[in-house]
Amino acid sequence: MSDQETPGMQDTFISHLVELRDRLVKASIGIAIVCAALFAWPGPSAIYDFLAQPMIASLPVGAKMIATGVISPFLVPMKVTLLLAFMVALPWVLYQAWAFIAPGLYTHEKKLVAPLVISSSLLFLAGVAFCYFFVFGRVFRFINDFAPTSITVAPDIENYLDFIMTMCLAFGVTFEVPIVVVVLIRMGLVTLQQLKAIRPYVIVGAFVVAAVVTPPDVVSQFSLAIPMWLLFELGLLVAPAFVRATQAPPEEDQAS
């Protein structure tokens, strides 16, 4: 029996690999198309100028950023454009991932995965947008106001890119806190009452995490810690309704 099943299992495994390859190719093509469109309009230079606007607005009038590397004025805008292309194409990439795993899921499991995929991507983008539009301007203004008058602030574009990528990633991941809370409760790893009981430790942990991943200034630390705490509370509110909506019906429990 095992000898007869082995060829079929191998065919199934190969077909899954082919399907995975096709989905990865389609996701890559989507990113490439978006990247080509961004190169055509508005262009890497305009995209980087938009990204640098919070820093430029906090500098003295007429001041600009500097490039210490020979190819930095070319390479850094290219990196920014590629990153933006991935973010714009993220819904298409997630759809390809969903199309790959959906055929093997029960109906109630699809109800579980689809909202998580959509909400996690939206929350990540919301975290990046919050960082850019709300946090950057205040952080850069605070740092430049704190700088001594004997110092000329002229940030390097590569260091600036590293900084904003770290900050955007930190805020994007932080905004996934409700998803983590919902998944923990849905999987039965913890209960809602247990998470409510450790609320004081979560608040302290939020400030510790903010102190580690953000610059050593009060503005950026509070800007990360307070949303992290509020998103934890949001997860506690949403989790019960999500658990009820994604429970397996009795017939699926018996079939499994």
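The values are calculated or read from the model by the stated rules, or taken from the named source; none is laboratory data. Predicted model only: the values in this text are computed from it and were never measured. Methodologically, a virtual Cβ is constructed for each residue, glycine included, from the backbone with ideal geometry; neighbour enumeration extends over all protein chains shown. Just the protein is used for accessible areas: all its heavy atoms, side chains included, with ligands, DNA and RNA removed. Shrake-Rupley method; radii C 1.70, N 1.55, O 1.52, S 1.80 Å.
A compact table of results
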quantity	calculated
Amide N of region 196-229 lying under 17 Å from the label point, which is placed 7 angstrom from the Cα of Phe142 along Cα→Cβ	206-229
Most to least packed among 193-204, 220-231 [average Cβ atoms within 10 Å]	220-231, 193-204
Cross-link reach list, lysines versus Lys111, counting only Cα pairs under 29 Å and skipping chain neighbours closer than eight places	Lys26, Lys196
Heavy atoms of Leu189 accessible to a 1.4 Å probe, total area in Å² rounded to 10	120 Å²
GNM flexibility winner over the chain from Val117, Val238, Val61 (Cα, springs under 10 Å)	Val61
Sequence of Val88, Val153 when ordered by accessible area, the most exposed leading, probe 1.4 angstrom	Val88, Val153
Under-5 Å amide H pairs with Asp156, H placed in peptide plane, nonlocal only	Ile66
The chain: DSSP helices with Cα axial extent of at least 27 Å and average Kyte-Doolittle hydropathy no lower than -1.0	2-40, 107-130, 218-245
Per residue Cα convex hull volume in Å³ - calculated over the chain	175 Å³
Heavy-atom surface of the chain, accessible at 1.4 Å and reported per residue (Å²)	60 Å²
Compactness of region 60-141, expressed as Rg and Dmax over alpha-carbon positions, Å	19.1, 60
CD proxy at 222 nm, helix term only [per DSSP H run n ≥ 4: -39500 (n - 2.57); per residue of the chain; nearest 500]	-26500 deg cm²/dmol
Region 87-126 shape via C-alpha gyration tensor axes, a/c threshold 1.5	oblate
Share of carbon and sulfur in the accessible heavy-atom surface of region 4-151 [1.4 Å probe, %]	72 percent
DSSP-assigned coil residues among chymotrypsin sites (Phe, Trp or Tyr not before Pro) in region 1-108, each with at most 16 further Cβ atoms within 10 Å	Tyr106
Order of exposure, largest accessible area first, which applies to Asp22, Asp49 with probe 1.4 Å	Asp49, Asp22
